[in-house]
Amino acid sequence: MWSGTPLFPEAASTMAPRVDALYFFLLGIAGFFSILIAGLIVYFAIKYRRRSPREIGRKSHASTALEVAWTVIPLMITMVIFVWGARIFFAISTPPPETLNIYAVGKQWMWKFQHLDGQREINELHVPVDRDVKMIATSEDVIHDFFVPAFRVKADVIPGRYVNVWFHATKPGRYRLECAEYCGTKHSGMIGEVIVMAAPDYQTWLSGGASGKTLTEEGQQLFSDLACNTCHRADLQGRGPVFEGVFGTAVTLQNGQKVTADEAYVRESILNPQAKVVAGYQPIMPTFQGQVSEEQLLALVEYVKSLPKPAKPGS
Ligand code: CUA
């Protein structure tokens, strides 16, 4: 209803009506109390004004009922805001199980996107309409913030971590993408566009302009270029663990601790191999810090992710 208002962004995702409803609720409460309080100030100022220079004020007594009322009512209102807000926050930060995954890297001052099929984009992001899309985002330098006002999603993108943001676009179109965290001189220029396309158009876009290699294939190439495969192999010469079927499972470390092999774990193990050594292996792997870019890390992560469980253990 506010889409024509220049101050109010378009609503183009499943999250938008939910966020807007809470926003208007807050606005309504703020408006109601502002009018109530301002009205009472004027009313009391007139009603209790000094009528003659010799008039002396009367002593008034506190009313317990009134005190309780103006404590309990605001408490209930703020609890409604808290529970409502927390529910939306959880919905935004919990991606559905089946999503279309796209990697994002923020850097001073641009957004880089990497699709699983191999396409790369800068400051433009093509996504299909009516699909759950998950961004797996990180930063190459400082903290940025991925913000698409029309989708009502916003998430800090932090160096050294993978942050998940998800959305479900509801109508095709072009929407503004911005960085919502001050990140240096050209922060205000760190803007782009999300292009939401109908499914067939998206397929056409995907098939055109690809580098010819999927992200997984690129990761596989890197895996041998960086000689990872000289240690991470299944035969007797294998000095490091093999990765088939490992992604998403619990890994036991030397100190007995268990960690989930997620994107952040794979990334850390490449850059800082001594941090989490898998039980049964020696801490002999060299660091790859400085040798692989964030984009190459994504390809390696995606490659490790793609490796299926072996049909027979040990075969
Ligand atoms: Cu990146 Cu502000």
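What is the one condition in (1) over 20 Å from A16 (Cβ atoms); (2) of a type outside the set (G, A, S); (3) within 16 Å of the ligand (Cβ to nearest atom) that P149 does not satisfy?
Unmet for P149, out of (1) over 20 Å from A16 (Cβ atoms); (2) of a type outside the set (G, A, S); (3) within 16 Å of the ligand (Cβ to nearest atom): (1).
Would you mind telling me which numbered condition in (1) open to solvent by 50 Å² or more (accessible area, probe 1.4 Å); (2) more than 16 Å from the ligand (Cβ to nearest atom); (3) more than 30 Å from F243 (Cα to Cα) K213 fails?
Result: K213 fails condition (3) only.
Filter the stretch 128-138 for residues that are within 25 Å of Q203 (Cβ to Cβ) and of a type in the set (V, I, T); which is farthest from the ligand (Cβ to nearest atom)?
The selected residue is V129.
Restrict the check to the stretch 219-235 and report whether at least one residue is more than 16 Å from the ligand (Cβ to nearest atom), out of contact with any Leu (no Cβ under 8 Å at 6 or more places or on another chain), among the β-branched types (V, I, T) and modelled with pLDDT under 90.
Yes.
When residues of the stretch 159-182 are filtered for being closer than 12 Å to M110 by Cα and crowded, with 21+ Cβ neighbours inside 10 Å, how many remain?
Going through the stretch 159-182 one residue at a time, the tally reaches 2.
Which members of the stretch 78-104 meet the condition of being out of contact with any Phe, Trp or Tyr (no Cβ under 9 Å at 6 or more places or on another chain) and open to solvent by less than 100 Å² (accessible area, probe 1.4 Å)?
T78, M79, V83, G85, A86, I88, A91, L100, N101, listed by residue number.
So, in the stretch 235-254, how many residues would count as being touching a residue at least 60 places away in the same chain (Cβ under 8 Å) and farther than 18 Å from P273 by Cα?
Number of matching residues: 2.
State which residue is nearest to E140 (Cα to Cα) when the search covers only the stretch 168-200 and only residues that are touching a residue at least 60 places away in the same chain (Cβ under 8 Å), away from the ligand (no atom under 16 Å from the Cβ) and not hydrophobic (A, V, I, L, M, F, W, C).
Across the stretch 168-200, the extreme among qualifying residues is Y175.
Give the stretch 255-275 a look and list any residue that's touching a residue at least 24 places away in the same chain (Cβ under 8 Å) and more than 15 Å from K305 (Cβ to Cβ), or say none.
L271
Residues D156, D141: which one is within 16 Å of the ligand (Cβ to nearest atom), assigned to a loop (DSSP other than H, G, I, E, B), touching a residue at least 12 places away in the same chain (Cβ under 8 Å) and surrounded by fewer than 18 Cβ atoms within 10 Å (Cβ to Cβ)?
From the options D156, D141, the qualifying one is D141.
If you scan the stretch 144-153, which residues turn out to be charged (D, E, K, R) and either open to solvent by less than 10 Å² (accessible area, probe 1.4 Å) or part of a strand (DSSP E or B) (or both)?
D145
Quick one: which strands (runs of 3 or more DSSP E) lie wholly within the stretch 9-122 and hold at least 1 residues that are in contact with a Leu (Cβ under 6 Å, 6 or more places away or on another chain)?
So the answer is 100-107, 110-115.
The values are calculated or read from the model by the stated rules, or taken from the named source; none is laboratory data. Because the structure is predicted, anything quoted here is derived from the model rather than measured. Virtual Cβ from ideal backbone geometry, glycine too; neighbours counted across all protein chains shown. Quick note on the areas: whole protein, heavy atoms, side chains included, nothing else; ligands and nucleic acids left out. Shrake-Rupley method; radii C 1.70, N 1.55, O 1.52, S 1.80 Å.
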